[in-house]
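Structure incoming, see below.
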Amino acid sequence: MSFRLPTLLITALGVAVGLSATPSAFGFAQLRKERDLIIYEHPRFHSAFPSVVRSPSGELLLAFRRAPNRKAFGEEKNNHVDPNSQLMLVRSQDGVNWTTPTLIYAHAIGGSQDPCLLQISDGSLLCLSYGWAFLRPDGVKNLKPPFLQNYPGSIFTGGYFLRSVDRAQTWLGPFYPPHIAPEILRDPYGQLVPAYNRGAAIEARDGRLHWVVAATDQETPRKTSTHLLSSTDRGLTWSYSAPVAADSTASFNETSLIETPRGDLVAFLRSEKLGDQACIARSTDGGKTFQPWQKMGFQGHPLHALRLPEGRVLVTYGYRHAPFGIRARVLDAECTDFANAPEIIIRDDGTTTDLGYPWSVQLDARRILVTYYFKAAGEIQHIAGTILRLD
């Protein structure tokens, strides 16, 4: 069952594990949609894949990938990889008014993708990304296999990350995470690619950082699995922890993490060859092992999880089936009721499947900003947002 905001409101049905309380005990009973807004839009650019965090000063920082709008050049379409794709940043004090974008990073050998921000408690900020190099045909024919082409000549280069210690004013890097053993792809130099993924990493309560990365573990047909990297030094170095989700035929990739009050690590997984089923995997031992992955019982990808002030978890995801848009569910604190949590329709006015990738942040005790990229009638793909209110 799906509920559309704002004409139908979502009632606070779930409670935190171990508690016996009415919705009013959490301070709100409904989730209301206040407004939709455009955060960044420009007719000469295709803008996509946002992530947003709140800095220690309270400022909102939103990163996104920006590339030339190829249709403005007379080309047929925009691709999700581009030799001129760059990582950009906008700022806001209130979630409504945003600055003009500034450059985070333009990689020296190709285009960059999906900047994923992680605000760390020591004040430093990570930006996790990955890239593509663009080769001419005479170079492609000499590459050492296996390698990945998104379209002819665009060769995957794997992951990298940047670090800022001054609230995203300047950036250090790029730094490269380790290659992980399940990964078989090679970059244009013939080297095994460093770890990569799109999705929210976390800082756990014990101070460790956790990041779920993807790996191409089979070339034909291509198949990906997901794996946990962890860091004990605030992301300076990373080490392999455990497989998260793997299957003999299905793929798992773009994954976001959350830590529950009980200390479980819960991974929200994008799947392939499972009918666009959202999937979940859980670790009850701090990331040493993960239980078998499960289907969540609904379609959508990729997912992002935000813990609400009263303890439950807002899970948002793109919906690339008619009607195209952005959807959400509110889970209990331990993320166990995903099969029964009602679906909330945040947006259903999209005009293409080229949208989604939501990422949420708390604005204040009552309001949430859900960011994503979007295209409605007459628009170019842009960075958009919806403000939800807890009443």
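Only the coordinates and a few stated rules stand behind these numbers; no lab work does. Keep in mind that what you see is a predicted model, and the values were worked out from it rather than measured. Quick reminder, even Gly has a Cβ in these numbers, built from the backbone with ideal geometry, and neighbours come from all protein chains shown.
Can you list the lysines whose alpha carbon is less than 25 Å from that of LYS375, not counting same-chain residues fewer than 8 positions off?
Straight-distance partners of LYS375: LYS33, LYS71, LYS77.
Determine the gain in length on full extension of the stretch ASP349-GLU59; use 0.36 nm per residue of separation and subtract their C-alpha separation, reporting nm with one decimal. Spell out each step's value before the answer.
Details: separation 290, 0.36 × 290 = 104.40 nm, distance 2.98 nm.
Working it through step by step, the gained length comes to 101.4 nm.
Can you check what the net charge comes to around ILE344, using other residues whose Cβ is under 12 Å from the Cβ of ILE344 (Lys, Arg +1; Asp, Glu -1)? Mind showing how you got there, number by number?
Working: positive: ARG4, ARG32, LYS33, ARG327, ARG329, ARG347; negative: GLU343, ASP348.
Local net charge: +4.
Across all directions of projection, what mean area in square nanometres is found for the Cα convex hull of the range 85-158? Don't skip to the end; give the middle numbers.
Numbers: hull surface 28.4 nm².
Directional mean of the projected Cα hull area for the range 85-158 stands at 7.1 nm².
Also, quick follow-up: Based on the Kirkwood radius over alpha-carbon pairs, what value in µm²/s does the Stokes-Einstein equation return for the translational diffusion coefficient of the range 239-330 at 4 °C and 1.567 mPa s?
Values: Rh = 13.7 Å.
Here the translational diffusion coefficient equals 94 µm²/s.
Would you order THR224, THR289, THR249 from fewest to most other beta-carbon atoms within 10 Å of each residue's own beta-carbon? It would help to have the intermediate numbers written out before the result.
Numbers: THR224 24, THR289 14, THR249 10.
The order, fewest Cβ neighbours first, is THR249, THR289, THR224.
Rg over Rh of the range 63-207, using C-alpha atoms and the Kirkwood radius, what does it come to? Before the final figure, lay out each step's value.
Working: Rg = 16.7 Å, Rh = 16.6 Å.
Using Cα coordinates only, the ratio equals 1.00.
Another question, if that's okay. Arrange VAL266, VAL361, VAL213 by Cβ neighbour counts within 10 Å, fewest through most, would you?
On the way: VAL266 24, VAL361 21, VAL213 30.
In order of increasing Cβ crowding within 10 Å: VAL361, VAL266, VAL213.
Taking every pair of alpha-carbon atoms in the range 197-240, what share in percent sits in each 10 Å bin, from 0 to the bin with the longest distance?
Distribution as computed: 27, 45, 20, 7, 0 percent.
Arrange TYR40, TYR373 by Cβ neighbour counts within 10 Å, fewest through most, would you? Walk me through the numbers on the way to the answer.
Working: TYR40 21, TYR373 25.
Ordered by Cβ neighbours within 10 Å, fewest first: TYR40, TYR373.
Express in nm, to one decimal, how much length is gained between ALA365 and ALA106 on full extension, taking 0.36 nm for each residue of separation and deducting their alpha carbon distance. Mind dumping the intermediate values first?
Working: separation 259, 0.36 × 259 = 93.24 nm, distance 3.61 nm.
Result: 89.6 nm gained on full extension.
Helix-derived [θ] at 222 nm for the chain: sum -39500 (n - 2.57) over DSSP H runs of at least 4, divide by residue count, nearest 500?
Numbers: 1 runs with 4 residues, N = 391.
It comes out at 0 deg cm²/dmol, rounded to the nearest 500.
Under 18 Å Cα to Cα from LYS141, which aspartates and glutamates show up? Leave out anything in the same chain fewer than 8 places away.
Cross-link targets: ASP187, GLU219.
Rounded to the nearest 20 debye, what is the charge dipole size of the range 184-238 about its Cα centre when +1 sits on each Lys and Arg Cβ and -1 on each Asp and Glu Cβ?
Numbers: 7 positive and 6 negative charges, 24 e Å.
Roughly 120 debye, rounded to the nearest 20.
Another question about this same structure. Taking 2.2 N^0.38 Å as the expected size of a compact globular protein, what ratio does the Cα radius of gyration of the range 213-288 give against it, to two decimals? Please list the in-between numbers first.
On the way: Rg = 13.1 Å, N = 76, 2.2 N^0.38 = 11.4 Å.
Normalised by 2.2 N^0.38 Å, the Cα Rg of the range 213-288 equals 1.15.
Also: Would you mind computing, in nm to one decimal, how far apart the modelled labels at VAL96 and ASP122 are, each placed 7 Å from Cα along Cα→Cβ?
Label at VAL96, label at ASP122, 3.8 nm between them.
Which of rounded, prolate, oblate describes the range 304-358, given a ≥ b ≥ c as roots of the alpha-carbon gyration tensor eigenvalues and a/c under 1.5 marking rounded, otherwise prolate only if a/b is larger than b/c? If you can, show how the numbers build up before the last one.
On the way: a/c = 2.92, a/b = 2.21, b/c = 1.32.
Judged from the Cα gyration tensor, the range 304-358 comes out prolate (a/c at least 1.5, a/b above b/c).
Of GLY350, PRO292, THR316, which is farthest along the charge dipole of the chain in the positive direction, counting Lys and Arg as +1 and Asp and Glu as -1 at C-beta?
It is GLY350.
Additional query: Please state the relative contact order of the range 106-209 as a whole percent: Cα pairs under 8 Å, 6+ residues apart?
Details: 204 pairs, mean separation 28.0, N = 104.
Relative CO of the range 106-209 lands at 27 percent.
Per residue and in Å³, how big is the convex hull formed by the alpha-carbon atoms of the chain?
On the way: hull volume 52.2 nm³, N = 391.
Dividing the Cα hull volume of the chain by its residues yields 133 Å³.
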